[in-house]
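The values are calculated or read from the model by the stated rules, or taken from the named source; none is laboratory data. Bear in mind that the values here come from a model prediction, so they are computed numbers and not experimental data. Cβ coordinates were reconstructed from backbone atoms using ideal geometry, including for glycine residues, and neighbour counts include every protein chain displayed.
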């Protein structure tokens, strides 16, 4: 007779092994490692919560400190591999297999560990793709998560950085897994219950607050005039004609520049209330001037941003906040919003090839995907129309059709040369060669060329929707690739023909004088200006405070 | 000075207006309508929870009973328009605008109300597309939801039918909306907390349990030999060669037939453990024999299914269950699993055109989309590989490429003639003409032809991945369209050429003798057999009990 509740029995056996360490659900800091050793078993799938923002860093250290002779062959299934402790798991032989989404600062270290055979790589996912597998074939046996506060029953207050927590907990707790939470403090009553105690097995008041990276803060002082020129082109050449109201901005200075010229250049174009009103977006400080100027109606966020808490609490008409007043973020829901409810994704990348494929995986660097491939792809299951979506769809086909279809606007915004004057445009992505060397099933591509609608550089906008052949697409890309080798190899006649058709548009074609692209257009010139716009509600992290 | 917390003030004003009706959060049945009148205001976006399964039917009746002179111009934003009360809202002039996903039994009534100008239609969405807009531009002001139990603080136990509730509540509660829950009973302590009390404003113990439709129950007694033949072809011609392990089955008898021949025909093909192991699937009773025979490793569900509760509780290794033992479903998470973590969607439809576009919107019938367009579309943001996905991707391109890409398998399984001998294959979808008549922005297409990988009929399998031109695709479809006008108009030479290339495969090409397709192959012949397979744990609803 088959037994059908082995997972429940296994769970109970682990709870029993840990029972002597806990008072109710509360475990002391000193017993953290013993708890981990009681509830984690070799071969487990483990999710150590952490993405591009918050980190369960205390629990990561505890897991990395276990004896690899006792606990090994773990399969790490988590959004981010970001901390040194995450790498330690593989270097020490505690973990063996990895399925993840985002690497950030560890992108070189992961590449090295892969080459050295320390990591058996499952795949690099987008965030919600990995979440999806949590419910199908990569369900965690143990989740080690982070929250701000817990009560003694185990109810959790995640605070503004809710992020991945509800999804991780749901997948683990409802498949007989074990959920351990590190919290900054244990209180009598949490400000609000973000995660019910029923889904939590153990809580530990860590010896330090969990780490959060202020990843989405861009100092206006570092925005260049080239980026301002690109931002002007994007606003006048894309936001305005398509009437883009619902959108996501990726991370980076070019999109920060757009945010900062909404109340100045955007205002002069008469776009207020007509574009950029509804957002799936982290709480970018550079959006504060536009919010204060009345551009923005609503923002839903993947996570929070360090220093923005009081501002968001005071702007509850704009942000999603709880009855306690603080932000509620949710990565799964916001990524879904970006996929299905937004008309545009606009972001930067490191390399673009002649078909428009892009990648941030360059030699010796496994960057991960995060959310861009999800939001930067045409959602073929979308069935509701909007002006922006229908306009893009019409441009992508010739002549009338009985089946009108729309298209997402997916815009890549890059300078022709990146850091250290490395060309952004290349004949072949580095990631193709890397995939061969590391024997990956797929070359890591951030956004596929056939999903890209526009590329914006300082030389102009290429509208790939209007290209009808691969050759046209290639010349459209070469035609805005500036003095890079790819740009210099353009067929000048073909590029001028594309320009005549409006496939390529230079600043002058858009009625933009590049000399106007000065820092005077920025609504804020510094982090201090942003704090000032916020009426003192935005409190920048110390590393951004230089006044 | 702009006020930034108008939504919170509005919320508080409504709570104040309702305060005299509630004892804590508990409101008496007799005060339900007064509560609704206190918390709903004209012009509100309202979500009356209800999809293709559970319904907040008590609250729907209460809302439909308000005075349209006082409350009107509501904008209904909800998954299902299923109950008479939902239609009443529009007929009485309480509601004006509609954004929804699924119509089911009201598909004719919606079409009539649209024609009569009673409904201003926003759009027909897929489920998670509408959820996505809850966080961007269709956030509900009021959510009227359903749960099994509440405690006096307002903590909710949704039981197995969690479905849309967490998503609706999150969007509403965290944007200063009002959440009212009907529950079957109020208890001292709920079996588990599915929704924390912080997110709930009022609870009412309704005068009857909320309604649940047993939509996913198919009686094996009604499975025909034609469907069994198609099921054999699907298993041998698609599941086996692609090695499809992670999948979703749509609703209908053809897929029920597949489920029922896994332990018989599937076993004889040696497929056990090799295909159909991990599912995003509602708890189909017809899958019980395969589960009991050891075919299935894990199932995550959108919702529950009437009569399956005790069975699922006893099979916690397979299903997602809470610490209390009962199922936890979640439509957003399961649809995401279907989109990103499954290699195949297979389902039925009502009409297919010559490009492979399909629709269930036929003359005078607005069926809605539900989840099929989401799961039945190629997820272009997917970045992890599997055998099935890579094999499909390879077939879709000619020759080698530097950028290997995978493809989802999207299979349409239809008999060439549907009910009343209406041809399934048509030159043009009815929905194209309907869209013109009703002035819809888009003709409602369930799955676009370019997302479909295979069509299975009793005449054979057409592999559209292998078609290289529109003309080939048309002949591949005609070649399996049987004696319908579309099928009879085939170019016989072209069809035989496609067959020689394996684009079309007949039963004999697959080594299947149609005479073998008998009901003997079904692991269960009746609902009673399913109950018997389950060891008495599956308790079919009365309408399916005929022994």
Worksheet, complete the sentence: Of the residues in the range A:208-236, those that are touching a strand residue (DSSP E or B) at 6+ places or on another chain (Cβ under 7 Å) and either in a loop (DSSP other than H, G, I, E, B) or within 14 Å of chain B (Cβ to nearest Cβ) (or both) number 2
Practice prompt. Please report, ordered by residue number, the helices (runs of 4 or more DSSP H) entirely within the range B:78-149 with at least 2 residues that are in the same structural domain as residue B:55 (by TED's automatic domain parsing) and without any contact (Cβ under 8 Å) to a residue 40 or more places away in the chain.
Written response: B:84-91, B:107-115
Worksheet item: If you check residue A:287 against the conditions, is it outside the structural domain of residue A:165 (by TED's automatic domain parsing), part of a helix (DSSP H, G or I) and either free of Cβ contacts under 8 Å to residues at least 40 places away in the same chain or closer than 19 Å to residue A:376 by Cα (or both)?
Response: yes
Practice prompt. Return yes or no: is residue A:135 crowded, with 24+ Cβ neighbours inside 10 Å, more than 20 Å from the chain's Cα centre (by Cα) and within 8 Å of another protein chain (Cβ to nearest Cβ)?
Written response: yes
Worksheet item: Do we have residue A:343 as within 28 Å of residue B:332 (Cβ to Cβ) and in the same structural domain as residue A:406 (by TED's automatic domain parsing) here?
Response: yes
Worksheet entry | Selection count, the range A:25-62, where residues are assigned to a loop (DSSP other than H, G, I, E, B) and either out of contact with any strand residue (DSSP E or B) (no Cβ under 9 Å at 6 or more places or on another chain) or within 15 Å of residue A:179 (Cβ to Cβ) (or both) | 5
Worksheet entry | Residue in the range B:1-31 that is farthest from the other protein chains (Cβ to nearest Cβ), counting only those that are over 20 Å from residue A:323 (Cα atoms) and either modelled with pLDDT under 95 or surrounded by 16 or more Cβ atoms within 10 Å (Cβ to Cβ) (or both) | B:31
Response to the item:
Restricting the range B:184-202 to residues that are in contact with a helix residue (DSSP H, G or I) (Cβ under 9 Å, 6 or more places away or on another chain) and assigned to a strand (DSSP E or B), the one nearest to residue B:288 (Cα to Cα) turns out to be B:195
Worksheet item: Before we move on, is residue B:20 in a helix (DSSP H, G or I) and within 21 Å of the chain's Cα centre (by Cα)?
Response: no
Worksheet, complete the sentence: Counting only residues that are within 12 Å of chain B (Cβ to nearest Cβ), surrounded by fewer than 21 Cβ atoms within 10 Å (Cβ to Cβ) and in a loop (DSSP other than H, G, I, E, B), the range A:385-396 contains a total of 1
Fill in: Candidate set: the range A:251-260, residues that are touching a residue at least 40 places away in the same chain (Cβ under 8 Å) and crowded, with 24+ Cβ neighbours inside 10 Å; chosen: the one farthest from the other protein chains (Cβ to nearest Cβ)
A:257
Worksheet entry | residue A:92 vs. criteria within 14 Å of chain B (Cβ to nearest Cβ), modelled with pLDDT of 95 or more, more than 28 Å from residue A:376 (Cα to Cα) and surrounded by fewer than 24 Cβ atoms within 10 Å (Cβ to Cβ) | no
Fill in: Selection count where residues are at pLDDT below 95 and more than 17 Å from residue A:169 (Cα to Cα), scope the range A:32-81
2
Worksheet item: Restricting to the range A:370-384, what's the tally of residues that are touching a helix residue (DSSP H, G or I) at 6+ places or on another chain (Cβ under 7 Å) and facing chain B (nearest Cβ under 7 Å)?
Response: 8
Worksheet item: Is it true that some residue in the range B:79-89 is surrounded by fewer than 19 Cβ atoms within 10 Å (Cβ to Cβ) and either on the phi < 0 side of the Ramachandran plot or within 14 Å of another protein chain (Cβ to nearest Cβ) (or both)?
Response: yes
Response to the item:
Considering the range A:476-519, residues that are touching a helix residue (DSSP H, G or I) at 6+ places or on another chain (Cβ under 9 Å) and free of Cβ contacts under 8 Å to residues at least 12 places away in the same chain, and then whichever is surrounded by the most Cβ atoms within 10 Å (Cβ to Cβ), we arrive at A:497
Worksheet entry | the range B:173-192, residues that are within 14 Å of chain A (Cβ to nearest Cβ) and either crowded, with 24+ Cβ neighbours inside 10 Å or touching a residue at least 40 places away in the same chain (Cβ under 8 Å) (or both) | B:173, B:174, B:175, B:176, B:177, B:178, B:179, B:190, B:191, B:192
Discussion item. Within the range A:332-355, take every residue that is within 12 Å of another protein chain (Cβ to nearest Cβ) and assigned to a loop (DSSP other than H, G, I, E, B) and give me the one that is farthest from residue B:178 (Cα to Cα).
Written reply: A:354
Worksheet entry | Meets criteria (more than 11 Å from chain B (Cβ to nearest Cβ), under 29 Å from residue A:547 (Cα atoms) and touching a residue at least 24 places away in the same chain (Cβ under 8 Å)) for residue A:205 | no
Discussion item. So, in the range A:361-381, exactly how many residues are surrounded by fewer than 24 Cβ atoms within 10 Å (Cβ to Cβ) and over 25 Å from residue B:448 (Cα atoms)?
Written reply: 5
Item to complete: Working carefully through the options B:428, B:459, find the one that is within 14 Å of chain A (Cβ to nearest Cβ), out of contact with any helix residue (DSSP H, G or I) (no Cβ under 7 Å at 6 or more places or on another chain) and surrounded by fewer than 23 Cβ atoms within 10 Å (Cβ to Cβ).
Response: B:428
Practice prompt. Could you identify the single residue in A:147, A:123 that is touching a helix residue (DSSP H, G or I) at 6+ places or on another chain (Cβ under 8 Å) and modelled with pLDDT of 95 or more?
Written response: A:147
Worksheet, complete the sentence: Residue set A:240, A:234; condition in contact with a helix residue (DSSP H, G or I) (Cβ under 7 Å, 6 or more places away or on another chain) and under 22 Å from residue A:462 (Cβ atoms); output residue A:234
Practice prompt. Test residue B:431 against the criterion of being in contact (Cβ under 8 Å) with a residue 12 or more places away in the chain and closer than 20 Å to residue B:412 by Cβ, and give yes or no.
Written response: yes
Worksheet item: Within the range B:263-275, can one find any residue that is under 22 Å from residue B:161 (Cβ atoms), touching a helix residue (DSSP H, G or I) at 6+ places or on another chain (Cβ under 8 Å) and buried (at least 24 other Cβ atoms within 10 Å of the Cβ)?
Response: no
Worksheet item: Just checking, which of B:316, B:329 is surrounded by 24 or more Cβ atoms within 10 Å (Cβ to Cβ), within 11 Å of another protein chain (Cβ to nearest Cβ) and part of a loop (DSSP other than H, G, I, E, B)?
Response: B:329
Discussion item. Given the condition surrounded by 24 or more Cβ atoms within 10 Å (Cβ to Cβ), touching a residue at least 60 places away in the same chain (Cβ under 8 Å), at negative phi and more than 13 Å from chain A (Cβ to nearest Cβ), answer yes or no: does some residue in the range B:165-172 qualify?
Written reply: no
